[in-house]
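The values are calculated or read from the model by the stated rules, or taken from the named source; none is laboratory data. Computed from a predicted structure; not experimentally measured. Virtual Cβ from ideal backbone geometry, glycine too; neighbours counted across all protein chains shown. Remember, those area values only see protein heavy atoms, side chains included, never the ligands or the DNA or RNA. Shrake-Rupley method; radii C 1.70, N 1.55, O 1.52, S 1.80 Å.
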Amino acid sequence: MYSCCYLSRRLNQLSSHDPLWKRHCKKYWLISEEEKNQRNQSWKAIFISTYSDLGRYIQYYATLKKAWDDLERYLGQRCPRMIGSLKESVQEEDLDAVEAQIGCKLPDDYRCSFRIHNGQKLVVPGLMGSMALSNHYRSEDLLDIDTAAGGFQQRLGLKQCLPLTFCIHTGLSQYMALESVEGRNKYEIFYQCPDQMARNPSAIDMFITGTSYLEWFTSYVNKVVTGGYPIIRDQIFRYVHDKECVATTGDITVSVSTSFLPELSSVHPPHYFFTYRIRIEMSKDALPEKACQLDSRYWRITNAKGDVEEVQGPGVVGEFPIISPGRVYEYTSCTTFSTTSGYMEGYYTFHCLYYKDRFFNVTIPRFHMVCPTFKVSTARIVSEDAVFLIREFLCLQRMPETNHNEYAVDEDEDSTDTDEYEDRRRVLDIPAPSGRCPRHT
């Protein structure tokens, strides 16, 4: 009996030993010494009070809190006005009310994030990145919980899907599937893509952007805070730069970053839209007489099937930039493929300003463009199966078959010039742009 009492007393002493709770407070709740001193509580009291409020999120909280803290710190230095758009956290009862409103359970990692920040106000620039071409602009906001609940979908093609983001300019969102319905996995995050070749309006293809909220949000934040996405004019631009995608010719270095635009792409018909940003820089140590002007460009474009196209033309985006020691010139252009991936490479032709009869080529490094994983609509699959059965029935009945190829497209052909792009735009029913996007420039 004496041994049991001693053991009980010793366990009680250990459970009250504050340094042990300090470790857990830092590991699970990211509580700093400074915050602990401000609270004027023991580590044990802090852990218990925090657990009583956030205990259901103990496996997610530290990861998401660190992501939010890193993002705020980064934006505070580079995009300070975006910090003001972030909303304060919501409470458990607010999240419970939303679940009751939409009739679906919210995943704990999603709820946990909103216990830290309730998304952002509908402003520009959006927290989830921007993209700009000559005739197209988008900026995605991270929706607050009430706005997201208001956009909860029950229509065919998007059943039980909750919007996570919203773009004021395109009217499109990224969605999270709250149930495994219509071919989606539970908690999968995607961009919707209407199937332009299906007669069923509920046929929605999906460009998958995440398998869970935790993965989706933390991977995005990591891209931002590590400089993977550039900051341009106080906005996060979702261009991906491969560090190996750099070529130096003499004193001139060319580097390329790329981005996939789901809102201008479709699976049916196959039309995958990419934009790329090119940086041309002359070394600051180059001699003044090395100053030169860009005359023309040459592109060699290869799709996933190995089909090659060559494009040549004067200048870039209608300009003939002058490059001198220490100067940087950047521009943005775009391209489309009928395959899910492809790559481009080529060279620029320059002439020297001091020796105008001297011309030379500058290598453009090969850069690859790959669209995200996508899923084909189950409505389309069912429709195709139905067509197959009808054809079999007609064949058995020896009846004349109607033409089912009125929506057929040549999948071997890439769209490579502006006129073809305009035709595809009409097929996709994209609003007519105010100008034209320079392609392959």
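Taking only the C-alpha atoms, wrap a convex hull around the stretch 60-224 and report its volume per residue in Å³ as a whole number.
Residue-normalised Cα hull volume stands at 114 Å³.
Using a 1.4 angstrom probe on heavy atoms only, work out the carbon and sulfur share of the accessible area of the stretch 14-56 in %.
Carbon and sulfur together cover 51 percent of it.
Using the Karplus curve 6.51 cos²θ - 1.76 cosθ + 1.60 with θ = phi - 60°, work out ³J(HN,Hα) for each residue of the stretch 80-91 in order, rounded to whole Hz, and write x for Gly and Pro.
After applying 6.51 cos²θ - 1.76 cosθ + 1.60, I find x, 5, 6, 4, x, 8, 6, 9, 5, 5, 9, 9 Hz.
Can you list, largest first and rounded to whole Å, the semi-axes you get for the stretch 240-375 by taking the square root of 5 times each eigenvalue of its Cα gyration tensor?
Details: eigenvalues 195, 42, 28 Å².
Listed largest to smallest, the semi-axes of the stretch 240-375 are 31, 14, 12 Å.
Taking a 32 Å limit on the Cα-Cα distance, which of the listed pairs Lys36/Lys87; Lys243/Lys356; Lys305/Lys375 fall beyond it? Don't skip to the end; give the middle numbers.
Values: Lys36/Lys87 24 Å; Lys243/Lys356 34 Å; Lys305/Lys375 20 Å.
Too far apart for the 32 Å limit: Lys243/Lys356.
According to the Cα gyration tensor, what semi-axes, each the square root of 5 times an eigenvalue, does the equivalent ellipsoid of the stretch 133-258 have, listed from largest to smallest in whole Å?
32, 17, 15
Please compute the per residue accessible area over the stretch 14-56 with all protein chains in place, 1.4 Å probe, rounded to a whole number of Å².
About 66 Å² of surface per residue is accessible.
If you filter the stretch 125-186 for GluC sites (Glu not before Pro), then keep DSSP loop positions with at most 15 other Cβ within 10 Å, what is left?
Values: sites: Glu140, Glu179, Glu182; in loops: Glu179, Glu182.
Hits after loop and neighbour filter: Glu179.
Would you pull out the residues with amide H under 5 Å of Gln192's amide H, same chain only if 5 or more places away, H placed 1.01 Å from N?
Ser173, Tyr175
Can you list residues from other chains, or at least 5 along the same chain, whose modelled amide H is less than 5 Å from the amide H of Ser296?
When sequence neighbours closer than 5 places are left aside, the close amide H contacts are Gly315, Thr349.
Could you give me the percent of Cα pairs per 5 Å distance bin for the stretch 14-56, shortest bin first, beginning at zero and ending with the bin that holds the maximum distance?
Once binned at 5 Å, the Cα pair distances of the stretch 14-56 give 5, 26, 37, 24, 8, 0.
Which sequence of Glu309, Glu215, Glu263 reflects their accessible areas, 1.4 Å probe, from the largest down? Walk me through the intermediate numbers first.
Working: Glu309 55, Glu215 85, Glu263 35 Å².
Ranked from most to least accessible, the order is Glu215, Glu309, Glu263.
Given Cα pairs under 8 Å that are at least 6 residues apart, what percent is the relative contact order of the stretch 60-224?
18
Tally Lys and Arg at +1 and Asp and Glu at -1 over the other residues with C-beta under 10 Å from the C-beta of His169: what net charge comes out?
Once positives and negatives cancel, what remains is -1.
Using per-residue counts of other Cβ atoms within 10 Å, averaged over each peptide, order 276-284, 107-115 from highest down.
Working: 276-284: 17.7, 107-115: 21.9.
Final packing ranking: 107-115, 276-284.
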